[in-house]
Amino acid sequence: MTSPSATTAPDDSRQPPVRGGTQPLLLQKGHELQPFGTVKQLPIGLSYDARMYGCQRLNRLLADTQMLYGLYKKHHWLLRGATFYQLHLLLDKHAVEQLAIVDALAERVQSLGGVAVGDARHAAEITQVPRPPDGVEEVPAMLSRLLQAHETILIDARDAATRLAALGDDGSNDLIVSSVIRNGETQAWFLAEHLVDTPLTRI
Ligand SMILES: [Fe+2]
């Protein structure tokens, strides 16, 4: 019989469960309380159909924005070259702003009675943003990839905002216009200006 090593978890299976006191009741299991894709009734004056449709559109934007956030961090880390420091800081600033949008979109889904896409693997399954290579691309390709992700989101966001306003969901419309679209357009502008070939000196 081998003695347990320092890296082996202790076998507590034969220990009687401790009740009361300050012992945490670990490894608890539970049923799924609300399936993804459903909405519960909340007293906010919006129809079931409007809230269901809003959650679908918001969750798609949420998944795409999670992917955009991941792309910003990936490229923040993998950048190289003479513009490393400037772009390293800029991409991280954009990532922080996108993460705030992720949180706002998720909480809007919850406030409509839905279930927000919360797992990165789930987001990856439903996103429209293409997967980048696992390795390192050239910097102009990284910036172009980010711009394409922004445009994908902006096109979907404008359509969603218009349709949700028509259904009376002004709150989702406002969030999408004021956060997703306005921030996305500004970030795309900052990125695109880095793809202009402007030498510092001329011969
Ligand atoms: Fe960092």
- Tell me which lysines have Cα within less than 27 Å of Lys73's Cα, excluding those fewer than 8 residues away on the same chain? Lys93
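Could you work out the relative contact order of the chain? I mean the mean sequence separation of Cα pairs under 8 Å and 6+ apart, divided by the number of residues, in percent.
Values: 185 pairs, mean separation 48.8, N = 203.
Worked out over the chain, it gives 24 percent.
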- Item | Length-normalised contact order for region 98-203 - Cα pairs under 8 Å, 6+ apart - percent | 25
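Arrange the following residues from fewest to most other Cβ atoms within 10 Å of their Cβ: Asp134, Asp92.
On the way: Asp134 6, Asp92 15.
Going from sparsest to densest Cβ surroundings: Asp134, Asp92.
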- Task: Give the calculated FRET efficiency between Val196 and Asp174 to the nearest 0.05, with a Förster radius of 22 Å applied to their Cβ-Cβ distance.
- Result: 0.10
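Go ahead and estimate [θ] at 222 nm for the chain from helices alone: -39,500 (n - 2.57) per DSSP H run with n ≥ 4, summed, over the residue count, rounded to 500. The partial results should precede the final answer.
Working: 6 runs with 111 residues, N = 203.
Only helices count here, giving -18500 deg cm²/dmol.
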- Query: So which aspartates and glutamates can Lys74 reach, going by Cα to Cα under 17 Å and dropping same-chain residues fewer than 8 places off?
  - Reply: Asp64, Asp92, Glu97, Asp134, Glu137, Glu138
- Note on the structure: Per 5 angstrom bin, beginning at 0 and ending with the bin that holds the maximum distance, the Cα pairs of the chain fall in percents of 1, 7, 13, 15, 13, 10, 8, 8, 8, 6, 5, 3, 1, 1, 0, 0, 0
- Phi angles of region 51-65, converted by Karplus (6.51 cos²θ - 1.76 cosθ + 1.60, θ = phi - 60°) into ³J(HN,Hα) in whole Hz with x for Gly and Pro, give 6, 5, 5, x, 5, 4, 5, 5, 5, 5, 4, 5, 5, 5, 5
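I need the calculated FRET efficiency for the pair Gln28 and Arg121, taking r as the beta carbon distance and R₀ as 35 Å, to the nearest 0.05.
E between Gln28 and Arg121, to the nearest 0.05, is 0.95.
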- Which peptide among 42-55, 98-111 comes first, and what is the full order, when sorted by highest mean count of other Cβ atoms within 10 Å? 98-111, 42-55
- Alpha-carbon centroid distance for the pair region 150-197 / region 50-100, whole angstrom: 13
- Using θ = phi - 60° and Karplus 6.51 cos²θ - 1.76 cosθ + 1.60, couplings along region 130-137 (whole Hz; Gly, Pro as x): x, 6, x, x, 5, x, 9, 9
- Task: Using Cα positions and a limit of under 30 Å, work out the lysines in reach of Lys29, with same-chain residues fewer than 8 apart set aside.
- Result: Lys40
- Message: For His122, His76, His94, His31, which order do you get if you count the other beta carbons within 10 Å of each Cβ and list the fewest first?
- Response: His31, His122, His76, His94
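Values in this text are rule-based calculations from the coordinates and carry no lab data. Fair warning: this is a prediction, and the values are worked out from it, not measured in the lab. Positions of Cβ are generated from backbone atoms using ideal geometry, with glycine treated the same way; all protein chains shown enter the neighbour counts.
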